[in-house]
Amino acid sequence: MSKQLKFKLKKTLKNAEFVHADLEYHEELFTEAKLLFKKEVDQLLKELSSEDQKRLANLLNQRITQEAQGRAEEEEEDTESTIPDMDQIRDEISTDIVESNSETETDQTIIDDAKKPKLTELKKLFYKIAGVTHPDKVATWGVSDAECRRLEQVFKGALQAYENKNWYILYSIASDLGIDIILDNEDYVDWIEEDIRNTLASISQIGNTVAWLWYVGDDMTKKAALSNYFKQIYDFDHPHL
C-alpha cells in the first residue's frame, strides 16, 4: 500500500467514525425529542375547545387511516406483508413531519453492487464476524450468559450492517473483535465514503423533522415548529401560537 493511500484510508476512517457518532447522538436524542414534542402538542390540544379537539382528532384519524390504506396497497402483492401498525403510523405523522420548504437528502446514488467487489467483500467480512458471534456457535463454547447476550447483540448489529451494505460498520465490528482486515486498495475508500454520505443523509432526515427542530430550537423556533405542525396536520392556526 502506498503512503498516500494509507493516510487517505486513515483520514476517511476518522471521518466515518465522527459521522457515525453524530448519527448515534441524533438517534439517541430523537427518541426524547419525539416524546417531549408529543407531550407539548397534547397540551396545546387540551387548551382548545372540546369542539375543536373533536374535529382535529377526526382529521388526524382520517389521515392515519389514509396512510395505512396507502401502505397496505403498496404491499398487497407481498405475500409476507403485515397489517400496518396504526400506532406506529400515528407516531410517525405526529412527530416525524418534515418542515415544509426544507430540503433533505433522501435520494441516494444507486450503486450496482453486482458490478463491484463490495458485496463479495461484505459477505466475507460478515461470515468472519458470524464465525465468532453467531448464537449457535457461541452456545457451544461454554461462555457466560452475559457474554452470550453481548455477542448476540454484536451479531445482530453485524447482520443489520451487512443487510444495509454498510462497510464501515462491519469493519468497526470486526476490528473490535480482533479480526484482521487488510485494507490495500482504493475501493475501500470509496465504500467508506459511500457509507458516510448515507449516514449524513440519515442525520439530515432527523434534523429536518419538526420534532427535532422544536427540540433543539430557541423559544421562537419552538413556537414556529409547533405552528407549522398544526398547519401541516390540521390546516389549523392554534390560537396560542
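The values are calculated or read from the model by the stated rules, or taken from the named source; none is laboratory data. Values in this document were obtained by computation on a predicted structure and should not be read as measured data. In this analysis, Cβ positions are derived from the backbone assuming ideal geometry, glycine residues included, and neighbour counts consider all displayed protein chains.
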Practice task
Might you let me know whether the stretch 143-162 holds any residue that is surrounded by 12 or more Cβ atoms within 10 Å (Cβ to Cβ) and of a type in the set (Phe, Trp, Tyr)?
Solution key: yes
Handout entry: Matching residues, the stretch 37-50, being part of a helix (DSSP H, G or I) and under 16 Å from PHE230 (Cα atoms)
Key = PHE37, LYS38, LYS39, GLU40, VAL41, ASP42, GLN43, LEU44, LEU45, LYS46
Practice task
Have a look at LYS123, LYS118, LYS128 and point out the one that is basic (Lys, Arg), surrounded by 15 or more Cβ atoms within 10 Å (Cβ to Cβ) and within 23 Å of the chain's Cα centre (by Cα).
Solution key: LYS118
Handout entry: Qualifying residue in the stretch 65-81 (condition: at pLDDT 80 or above, surrounded by 13 or more Cβ atoms within 10 Å (Cβ to Cβ) and not in a loop (DSSP other than H, G, I, E, B))
Key = yes
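Being under 28 Å from PHE7 (Cβ atoms) and touching a helix residue (DSSP H, G or I) at 6+ places or on another chain (Cβ under 8 Å), is that true of even one residue in the stretch 216-223?
Step one: of the stretch 216-223, the residues under 28 Å from PHE7 (Cβ atoms) are none.
No: the stretch 216-223 contains no residue that is under 28 Å from PHE7 (Cβ atoms) and touching a helix residue (DSSP H, G or I) at 6+ places or on another chain (Cβ under 8 Å).
Can you tell me how many residues in the stretch 177-200 are in a loop (DSSP other than H, G, I, E, B) and in contact (Cβ under 8 Å) with a residue 40 or more places away in the chain? Steps first, please.
Within the stretch 177-200, the first condition is being in a loop (DSSP other than H, G, I, E, B), and the residues that meet it are 177-185.
The next check asks that each one be in contact (Cβ under 8 Å) with a residue 40 or more places away in the chain; those that pass are 177, 179, 181, 183-185.
Qualifying residue count for the region: 6.
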Practice task
Can you work out which of the residues in the stretch 163-176 that are of a type in the set (S, T, N, Q) and in a helix (DSSP H, G or I) is surrounded by the fewest Cβ atoms within 10 Å (Cβ to Cβ)?
Solution key: SER175
Exercise for the section: Hey, can you tell me all the residues within the stretch 122-179 that are of a type in the set (A, V, I, L, M, F, W, C) and over 29 Å from THR12 (Cα atoms)? Expected result: VAL138, ALA139, TRP141, VAL143, ALA146, CYS148
Handout entry: In the stretch 205-220, the residues that are assigned to a helix (DSSP H, G or I) and closer than 16 Å to LYS34 by Cα
Key = GLN205, ILE206, GLY207, VAL210, ALA211, TRP212, LEU213, TRP214, TYR215, VAL216
Exercise for the section: Give me the pairs, please: first residue somewhere in the stretch 147-162 and farther than 19 Å from ASP195 by Cα and assigned to a helix (DSSP H, G or I), second residue anywhere and modelled with pLDDT under 95 and not β-branched (Val, Ile, Thr), beta-carbon distance under 6 Å, and either six or more positions apart or on two chains. Expected result: GLU152/PRO135; PHE155/HIS134
